[in-house]
Amino acid sequence: MAYSIQDYKSDVHSNWCPGCGDFGILNAVQMSLMDMQLDPHRVAVFSGVGCAAKTPHYIQTYGVHTLHGRVLPFATGAKLANPNLNIIAVGGDGDGMGIGAGHFVGTGRMNLDLTYVLFNNGVYGLTKGQASPTLELGQQTKSLPQPNSSGAVNPLLLAFASGYSFIARGYAYNIPQLKGLIRDAIEHPGLSFVEVLQPCPTYNNINTREWYGGADRKDAEGTARPRVYNLEDQDHDPLISSETATESRHAKVGVFIEKALEWGDAIPTGIFLRNLTQNTYEERIGERIDTYRSEPPARRQIENNQQSVADLEPLFEELRVF
Amino acid sequence: MELIINHLAWRIGGAQGSGVDSAANLFASAMASGGLHVFGNREFYSNIMGEHSYFELRVSDHPVACPTTRLNVLTTFDAETAIRHSNEIADGGALIYDIKLIDTPFEKIPNLERRVQQDLGKVLDEKGLPRTMNSMLQLAEQRGITLYPVPYEDLLKTDEMLQKLPYATLKKMVNTMSAAASAALLDYDLKFINQGLEETFSGKQKVIELNIRAAEITYDYFKKTFTKPFSRKIEPIESNEKRLYVNGNQAVGMGKIAAGCSVQAYYPISPATDESTYLEGHESFPLKNGDGKGSILVLQTGDEIAAICSAIGAGLSGARAATSTSGPGFSLMAEALGWAGINETPVVVTLYQRGGPSTGLPTRSEQGDLRFALHAGHGEFPRLLVASGDLEESFYDAMRVFNYAERYQTPVIHLLDKGLATYKRTFPYFDSNRIKIERGALLSDEEAAKLESYDRFAYTDSNISPRTVLGQAGGVSWYTGDESTEDGHITEDPIDRILMMEKRANKLVSALQEIPEDEQFILHGDPNATTTIVGWGSTKGSILEALGRLNNADHSVNFLQGRLMSPFPAAAFSTILEKAEHLIGIEENYSGQFAQLIREHTGIAMDYFISKYNGRPITVDEVEESVLEIMGGQAPQKVVLHHGI
């Protein structure tokens, strides 16, 4: 029996603001799970703290709403203990690029097979609109007493520098594209990162749905010219595989950086980078511990009639007094 | 002169990286293979190379478990050790040293702190002696210490086999030679040293041969040169008992493996790191039934916050998971500890205390984090806190804490300290069958699959809810750091808040009823003694040995050792403490944290407090002397101990 979209929806009423970009992201996550027909109990959605972090409560899978900035370490532990789980981590830009930035980098180094979706709206919504680490220098969203006096971090570049092997960007109001990106991210063998541009209708009055949609820059016929565009339309090829020649790899990195820096009147979305040349952390562990996948740490039998099954004799022998 | 057989306090010192540990391990191994019991204490700086470190061994025909103030033999191969430690040698003791170094002046030893130079120098100045190693030797000799000069370099350079080697190689053998000289002094068969060398350098035949040669020439030289027998002697004892020589980091690591801990996440920090590296070095191990193998995954994270969060995450997936740290790292873990508390998720934090606050004394001993461990984290949530008193308890407690964590679905802190981490002792093999593995209300896959509906935090009579783990069919559930309803979704409902607070808090009430008494506290000695010493943690060894001495001298003293600090067995403590006429608290901290805890729960205050906070462990002699001082009515209410180098 196939799973329907209803099977991925919990009965918890969402308390996001009307018009929030989070709804689109939530739908896209649920649709991608349905697309892949993943058993809900084999999926765990982890989150940090903030508006975005309420997401797991609305999804009918295991949901773990953790601490501010700490979603990735929690998710890492769960995944390493049971590599057979499908783990999706979600959180906002303050959560991931501010208080959690160290973990974002640390996790990038590992190339675990999990997916991190960053809801990026440039503000701290739940605490009423302070500047987030992705708000541009000098911008003054509506609840800021003064213009933002710090610069913005670029999540895509930071992801690349840290070692994320799949890097994409979606837009909260382009659900069909975002669903595909999240599915590709989940299916990617390794650590995948999806930044989602997510207008906050309550506190970010600069990067609004209208702004992304280009309502302020109409053509001669009066049609809005959207700022967001799809990299696929430019025939962007994000793939780096073992067959990609070294020179070509360098060129692709160059294009990646160029695209990651593009902002303002043209904002690329889609898959920026798909690097298949690195093995995953789980594979590295599996090379050392051959039972890692068949008997993962979380599912290994540790007792028999309440007696420990571990044989300590070799450990004792090693320290034995002769 | 009475010959004392098989009771020895021996110390070796030198610059870090110069082979002090190797020499100490060699000597310990030689003693242990002769059937003797060995206790070792390692003191070192937070430094890679060059600063002064030393290793103290006690050797006996019965188990020994603590450091002492009174040395019998000081073995040195550098000037600094002779200068720093010669005053520590008890009457009738011996000092072995390198004759070539005797003219070394204090100012040529850059690591000798100004305070040490001044204190020692003052004594020399008064006697009109120059500030040199030789003057320290003279003072020792005047006190009746026998001096044993050994020309290490000449011995090496005149030996046919060894003289061909480059000087750098020769120099490395001085520590072997100092161990051999000690064996000669104690009239202990050289074969045990040679056996130790074979074990130490197993597989490196050439190195073994050279070291055995160096040991032989030193032993022969010593025997020929110093013919007068020394007051102490070591004789091998017949023993068929299989023993291991183990430190606390290893004992805890073994306990974790036995307990089925399968994920350990950590960030490097002294004195906890060696446990994690031990585990990673033994990540695969055989199983008792002979087929298949077990494993523990050790994850080095980017910081301690990630370490505890990853351990909790692994716990959500169903692994028995832990992290291991010290004070500064534990400070960073406070928030996550509360998350595990509100989410009723088992996690074990192994906390090795060291001198604080801040970076404090990174490699030194202190019991300064009891109150912190009891309260770390905002808000109120249940935690169990277990303090081990010796290496054996450290092993078995390391198994028990996982049972507590799963039975009560809450964080458990296993409190140890630098002393326990680095103390080394000979023990019979531990027996993991002594501790049953209890996984509490964890549901099997079959049980979970049969659930018709499931609430992770369901209210139950026991206050403990059946637990599923991520990935189990039938058990889909939610967790949140917010207050939640039974299904794990966020709530701010005042009634649910009350019920949830009570559900969590009441788990500790059950814990106190269910955990056996000897896991909560141990009353050592005569229950009706007039004086009760109260302590906890690594001071156990010193207190117990002092207790024996005091009672042998017809004093009436017992020792109440605290083990379970949270929940606290207040009623039992009241009953015991009310019986005694005099109460003496002993702790390695400034403020008497355990005494405060007891007073908080029972209203009973200690009459006296023996306190030490110089980063060095309390010795048996310090306990004995300060308790006697108190009993003699001569002591202030707070006795501050100063011993240590």
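Of note:
- Across peptide B:281-294, the average count of Cβ atoms from other chains found within 10 Å of a residue's Cβ is 5.
- Dipole magnitude (debye, nearest 20) for the protein assembly as shown, charges at Cβ of Lys, Arg, Asp, Glu: 1220
- Distances between placed amide hydrogens fall under 5 Å for B:Gly93 paired with B:Thr146, all partners being 5 or more residues away or on another chain.
- Its Cα centre serving as origin, region B:445-514 has a Cβ charge dipole (Lys and Arg +1, Asp and Glu -1) of approximately 220 debye.
- Evaluating 6.51 cos²θ - 1.76 cosθ + 1.60 at θ = phi - 60° for every residue in region A:14-29, the Karplus couplings come out as 6, 10, 6, 5, x, x, 5, x, 4, 4, x, 5, 4, 4, 5, 5 Hz, glycine and proline recorded as x.
- Our analysis of the protein assembly as shown gives Rg over Rh at 1.04, with the two radii drawn from alpha carbon positions and Rh computed by the Kirkwood formula.
- Global form of region B:518-640, assessed from the alpha-carbon gyration tensor, a/c cut-off 1.5: rounded
- Lys/Arg +1, Asp/Glu -1 at C-beta; region B:245-434 dipole; positive extreme among B:Gly360, B:Leu420, B:Leu370: B:Leu420
- Protection-proxy order for peptides B:586-594, A:135-143, B:199-207, A:61-69, each taking the mean of Cβ atoms within 10 Å per residue, highest first: A:61-69, B:586-594, A:135-143, B:199-207
- Residues in region B:394-410 carry Karplus couplings, in order, of 4, 5, 5, 5, 4, 6, 4, 4, 6, 5, 4, 4, 7, 5, 9, 6, 7 Hz; the curve used is 6.51 cos²θ - 1.76 cosθ + 1.60 with θ = phi - 60°, and Gly or Pro positions show x.
- Within chain A, the percentage of alpha carbon pairs spaced more than 28 angstrom apart rounds to 43%.
- Distant-in-sequence amide H partners of B:Val298 (H built 1.01 Å from N, under 5 Å): B:Gln264
- DSSP bridge pairs, the protein assembly as shown: antiparallel proportion in percent, nearest 5: 35
- The packing ranking, built from the mean of other Cβ atoms within 10 Å per residue, places the peptides A:238-251, A:197-210, B:102-115 in the order A:197-210, B:102-115, A:238-251, highest first.
- Averaging the sequence gap over all C-alpha pairs within less than 8 Å and six or more residues apart, then dividing by the number of residues, gives chain A a relative contact order of 16 percent.
- Length-normalised contact order for chain B - Cα pairs under 8 Å, 6+ apart - percent: 12
- Counting only other chain Cβ atoms within 10 Å of each residue's Cβ, the peptide A:34-42 averages 2.
- Within 10 Å of the Cβ of each residue in B:465-475, the mean number of Cβ atoms contributed by other protein chains is 5.
- Taking a straight line from the alpha carbon of B:Lys256, these lysines sit under 22 Å away, with near neighbours fewer than eight places off in the same chain left out: A:Lys79, B:Lys242, B:Lys288, B:Lys293, B:Lys418, B:Lys424, B:Lys436.
- Think of the protein assembly as shown as having a plus end and a minus end, set by charges on the Cβ of Lys, Arg, Asp and Glu; of A:Phe23, A:Tyr203, B:Gly35, B:Gly35 sits farthest toward the positive end of this dipole.
- Peptide packing: for B:211-224, B:297-310, A:146-159, the average count of neighbouring Cβ atoms within 10 Å per residue gives the ranking B:297-310, B:211-224, A:146-159, highest mean first.
- Long-range amide H partners of B:Phe568 with built H, under 5 Å: none
- Using the Karplus relation 6.51 cos²θ - 1.76 cosθ + 1.60 with θ = phi - 60°, the per-residue 3J(HN,Hα) values for region A:201-211 come to x, 8, 10, 9, 8, 9, 8, 8, 4, 5, 5 Hz, with x marking Gly and Pro.
- Region B:179-319: relative contact order as a whole-number percent, Cα under 8 Å and 6+ apart: 20
- Nearest-20 debye value, chain B charge dipole, Cβ charges on Lys, Arg, Asp, Glu: 1620
- Over the protein assembly as shown, dividing the summed -39,500 (n - 2.57) contributions of all DSSP H runs of at least 4 residues by the number of residues returns a 222 nm mean residue ellipticity of -10500 deg cm²/dmol.
- Counted by neighbouring Cβ atoms within 10 Å, the residues B:His85, B:His52, B:His555, A:His13 run from fewest to most as A:His13, B:His555, B:His85, B:His52.
- Sorted fewest first by neighbouring Cβ atoms within 10 angstrom, B:Leu443, B:Leu124 come out as B:Leu124, B:Leu443.
- Candidates B:Asn558, B:Phe594, B:Ala605 compared by Cα position along the dipole of region B:523-618: farthest toward the positive end lies B:Phe594, with charges placed on Cβ.
- For region B:279-372, the convex hull drawn through the C-alpha positions has a volume of 131 cubic angstrom per residue.
- Counting only DSSP beta bridges with both residues in chain B, the antiparallel share comes to about 40 percent.
Every number in this text was worked out from the coordinates using simple rules, so none of it is lab data. Only a predicted model underlies this, so the values are computations on that prediction, with no experimental measurement involved. Virtual Cβ from ideal backbone geometry, glycine too; neighbours counted across all protein chains shown.
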